[in-house]
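Q: Would you mind keeping the following structure in view while I ask a few things?
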Amino acid sequence: MIHLHKLGRKYLDFEFPLKNEVRLRIVERPGLWMGRGALDHLLADVRQVVKTVIPSGLEYGVLSGDKRRLDNAVLSILYDQASRKPIAFNAYSFLDVEVHGRRVNVLHLGLIMVDPSFQAQGYTWVVVGLPCLLVFLRSGMGPVWITSVTQVPAIVGKVAEAFADVYPSPSGKTRRSFAHLTIARQVMESHREVFGVGLQAQFDQDNFIIRDAYTGGSDSLKKAYDETTKHRDDVVNEMCRDRLDYRRGDDFLQVGAINFACACDYLLRTVPRDSLPSLLYRVMFVLAGRLLLPLWHWFSPNRQWRDLRPRR
């Protein structure tokens, strides 16, 4: 369900039930509007999933409980309908950077974890892709820059496939632009704590590789190449094996964008056919909040609308 009384709210609180007895909740910037009790409950659900994968837990980014991280987070949590148990989560973050002289929010594709007993059940499309689609729709369907930091070949390849103008890309077709370099430099200068990279990590801006990346709270995520999930295309796997030093702990920093073509491709190719009608129905409410409500407010000049229009 989507909460109709929240349609015009500034931040998103989106729920999406799936046919296979699971439910997804997406919460945008919870630190800015959610009460302390509800926020603690949300964090407890996320940490519960982490401990099914890493018993010692993680303490960086949103997992630290730092309000600044929660103010800029987009949290997606998948629940088992019967037990209400959290079984997967995804923590994206908005990073404030300047591109071509204008301040923009870059969406960082952060930590994704699935309870091992629920892995390989086809939940990736909803946990990973749907938050990106909703952010794109709420931005007015203009291009949204994204970043991703990983050493896992499967993720490197998936990011290059799902988004536009991704650099570095295994295909080698995307050239590094000034915007790519500007975003990468600012992310490394001001936002490395979001993805658990310490100050001693060096950034190779020619190849977009973070050297010795697992030094700022993400230490438990470091893997040997043989332990990583491989991509179906060996070109991606070879790129990671040849360019990254897994013993030292290197990561790629990929920079790309969500655009209209990416959104259409997600809806038409990635979303399962039996879930598409239900998803489109809910997407219409998100679009109504982003596109139709401003028109309603515009044509009602004599009504105050609280913080949307100050009283004269």
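Q: Could you compute the FRET efficiency for Glu21 and Arg68, with r as their C-beta to C-beta distance and R0 at 30 Å, rounded to 0.05?
A: Numbers: r = 36 Å, r/R0 = 1.19.
For Glu21 and Arg68, the calculated efficiency is 0.25.
Q: Under 5 Å between amide H atoms, partner at least 5 residues away or on a different chain: which partners does Ile146 have, H built in plane at 1.01 Å?
A: HN-HN under 5 Å from Ile146: Leu107, Gly256, Ala257, Ile258.
Q: Given the pairs Lys51/Lys222; Lys51/Lys230; Lys51/Lys223, which span a C-alpha to C-alpha distance of over 20 angstrom in this model? Display every interim value, and only then the final one.
A: On the way: Lys51/Lys222 16 Å; Lys51/Lys230 24 Å; Lys51/Lys223 17 Å.
Beyond 20 Å: Lys51/Lys230.
Q: Each residue of the range 48-62 in turn: what ³J(HN,Hα) in whole Hz from Karplus with 6.51, -1.76, 1.60 and θ = phi - 60°, glycine and Pro shown as x?
A: Karplus values, whole Hz, x for Gly and Pro: 5, 5, 4, 6, 6, 9, 10, x, 6, x, 10, 9, 9, x, 5.
Q: Between the alpha-carbon centers of the range 50-81 and the range 186-205, tell me the distance in whole angstrom.
A: What the calculation gives is 20 Å, centre to centre.
Q: Can you give the FRET efficiency for Lys51 and Asp212, using 1/(1 + (r/R0)^6), R0 = 45 Å, r = Cβ-Cβ distance, to the nearest 0.05? Numbers along the way, then the final one.
A: On the way: r = 26 Å, r/R0 = 0.59.
Taking R0 as 45 Å, the efficiency between Lys51 and Asp212 is 0.95.
Q: From the phi angles alone, apply the Karplus equation (6.51, -1.76, 1.60; θ = phi - 60°) to the range 250-258 and give each ³J(HN,Hα) in whole Hz, x where the residue is Gly or Pro.
A: Whole-Hz 3J(HN,Hα) from phi for the range 250-258: 9, 10, 7, 9, 9, 10, x, 8, 9.
Any read-out appearing in this document is the output of simple, stated calculations on the displayed coordinates, not a laboratory observation. All figures in this text were calculated on a predicted structure; none of them were measured in a lab. Here Cβ is always computed from backbone atoms with ideal geometry, including for glycine, and neighbour counts include all displayed protein chains.
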